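Chemist: Before I ask anything, let me first share the structure, which is written out below as structure tokens.
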Amino acid sequence: MIRRTSLVLFLALAPLISQGPPRQALTLALECPGGDCPLLKGVPQTAGMRSGFVRLKPGDSVGWHSTGQNEESLVILRGSGEALMEGQAPRRFAAPQLVYIPPATRHNMTNTGGEPLEYVYVVTPANAK
């Protein structure tokens, strides 16, 4: 016999389980007063991808963080900066450019230019094969 709480939980989750990956396209504005502004936030909005828009003032950094089990691409739209990745030489970049950060990489992005640095990041689970 199915317990009532189990049945209620199943009925609440059934639509999410049965619908699979999202089926709707999205259009999002790149508006951000400063810092990190999430755009795509993962499931159920996407199948696992997350993204955001970042605007950094000259001299600002996002702070050290790790990609964990994800890989990340940064599409540099405006400005210039430096990508610091633990155990690697610093990598300078300037718009228009793409920066790729592999899984399990601790990293930091810094605006080294004289104008705002703007970029879109896309984070997605890495396929382990």
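Chemist: What length, rounded to one decimal in nm, is gained on full extension from Gln24 through to Asp36, with 0.36 nm per residue of separation minus their alpha-carbon distance?
Modeler: 1.9 nm
Chemist: Something else now. On a full-extension model of 0.36 nm per residue, what is the gain between Tyr100 and Ser61, subtracting their alpha-carbon distance, rounded to one decimal in nm?
Modeler: Full-extension gain reported as 12.3 nm.
Chemist: Something else: Does segment 70-115 come out rounded, prolate or oblate, given a ≥ b ≥ c as the square roots of the eigenvalues of its C-alpha gyration tensor, rounded meaning a/c under 1.5 and, failing that, prolate meaning a/b above b/c?
Modeler: Working: a/c = 2.60, a/b = 1.51, b/c = 1.72.
Because a/c hits 1.5 or more and a/b fails to exceed b/c, segment 70-115 counts as oblate.
Chemist: Moving to a separate point now. For segment 21-69, what's the radius of gyration and Dmax over Cα atoms, in angstrom?
Modeler: Rg, Dmax (Cα atoms, Å): 13.2, 40.
Chemist: Cα atoms only: what Rg and Dmax, in Å, come out for segment 25-125?
Modeler: 13.1, 39
Chemist: Mind listing which GluC sites (Glu not before Pro) in segment 58-102 are in a DSSP loop and have 14 or fewer other Cβ atoms within 10 Å?
Modeler: Glu86
Chemist: On full extension of the chain, what length is gained from Gln45 through Glu115, given 0.36 nm per residue of separation minus the C-alpha to C-alpha distance?
Modeler: Numbers: separation 70, 0.36 × 70 = 25.20 nm, distance 3.29 nm.
Working it through step by step, the gained length comes to 21.9 nm.
Chemist: Ranked by Cβ crowding within 10 angstrom, fewest neighbours first, how are Arg50, Arg92 ordered?
Modeler: Taking fewest neighbouring Cβ atoms as first place, the list is Arg92, Arg50.
Chemist: Express the relative contact order of segment 25-125 as a whole percentage, based on alpha carbon pairs under 8 Å and six or more residues apart in sequence.
Modeler: RCO, segment 25-125: 35 percent.
We did not get these values from a lab; they are worked out from the coordinates using the rules stated. Bear in mind that the values here come from a model prediction, so they are computed numbers and not experimental data. Positions of Cβ are backbone-derived with ideal geometry, glycine not excepted, and every protein chain shown enters the neighbour counts.
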